[in-house]
Amino acid sequence: VRRGPSINYLIEELISAWVRNDTRFDTAIVSPVFNEVTPEIVRRLNSIADRVIIDIQGFVRRCGGRYCTVVTDEEQFYELLEALDSSVNVVRGEIHEFPRKCRGSKVSECVNGVFDVIQTCGPGSMYVYLSETGKTIVLKPLPGINGSSIGAGDIFTSVLTYFLSKGLDLLSSCARASVAAGLKVSRPGKPWFTLPELELLSHKILRNIRS
């Protein structure tokens, strides 16, 4: 299985309509599940959004093995980077979704410095590559988080986008997004978190920055 059902045509129609109507957005988030969106579509989002953030999971997933275990396609990863180039601002993904030689502190060896990269790893360290400085910063999530991680990545991306849109820098936004994802995992029902909690607990993460 190479890809899921494509929704490229629908997105192309939406983008064309927005361009015709002079509609513009602060941020566009692209978070496909299984290759239903191509990088070429993402590149068009610059025409209607000031900032483009993508989650790589749905771009690099492939179905491999007898029982269709999801694996990361490294060839597709590099094709994605080449296609995106300067058309996005932030690329986010779980660390295992990146090729081995691009994980953690080695991420700077695989990107061209045009966009920022965030690699999350559940309760493990988060690696944030800052394209402006070429440095990779390490953030430690809140300790003692236990529970189902389903949906945590989507929470992270959404909260990250919210705070970036509010004018916070990438590291401060990552810290708040990490807290939100952790609280979502640890709490069985809504509300998973509040804004005051994110503000307060994010400082614990920011105090332990490593580079």
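The values are calculated or read from the model by the stated rules, or taken from the named source; none is laboratory data. As the structure is a prediction and not an experimental result, all values here were calculated from the model. We place every Cβ from the backbone using ideal geometry, glycine too, and count neighbours over all the protein chains shown. Protein only, heavy atoms only, side chains kept; ligands, DNA and RNA dropped before computing areas. Shrake-Rupley method; radii C 1.70, N 1.55, O 1.52, S 1.80 Å.
Karplus-based coupling profile of the stretch 107-115, in residue order and whole Hz: 4, 5, 6, 10, 10, 9, x, 7, 10, with θ = phi - 60° in 6.51 cos²θ - 1.76 cosθ + 1.60 and x standing for Gly or Pro.
Here the sum of -39500 (n - 2.57) over DSSP H runs of 4 or more residues, divided by the residues of the chain, equals -11000 deg cm²/dmol at 222 nm, to the nearest 500. What do you get for the angle between helix 195-206 and the principal long axis of the chain? Use alpha-carbon atoms, 0 to 90 degrees, nearest ten. For helix 195-206, the angle is close to 80 degrees.
For the chain, the solvent-accessible area with a 1.4 angstrom probe is 52 square angstrom per residue. For the chain, the dipole from Cβ point charges (+1 on Lys and Arg, -1 on Asp and Glu) about the Cα centre works out to 780 debye, to the nearest 20. Shown is the FRET efficiency for Ile209 and Ile150, computed with R0 = 45 Å from the Cβ-Cβ distance and rounded to the nearest 0.05: 0.95. Grouping the Cα pair distances of the stretch 106-179 into 5 Å bins from zero gives a pair-distance distribution of 3, 16, 26, 24, 19, 9, 3, 0 percent in increasing distance order. Each peptide in 113-123, 16-26 gets a packing score, the mean of other Cβ atoms within 10 Å over its residues, and the list from highest to lowest is 113-123, 16-26. For the chain, the average shadow cast by the Cα convex hull is 12.4 nm², which is a quarter of the hull's surface. For the chain, the longest principal axis of the alpha carbon atoms and the long axis of helix 152-165 meet at an angle near 90°. For the residue pairs Lys135/Lys204; Lys101/Lys166; Lys106/Lys190; Lys135/Lys190, the alpha carbons lie more than 29 Å apart in Lys101/Lys166; Lys106/Lys190; Lys135/Lys190.
Computed in the context of the full set of protein chains, the accessible area of the chain at 1.4 Å probe radius has 52% of its extent on carbon or sulfur.
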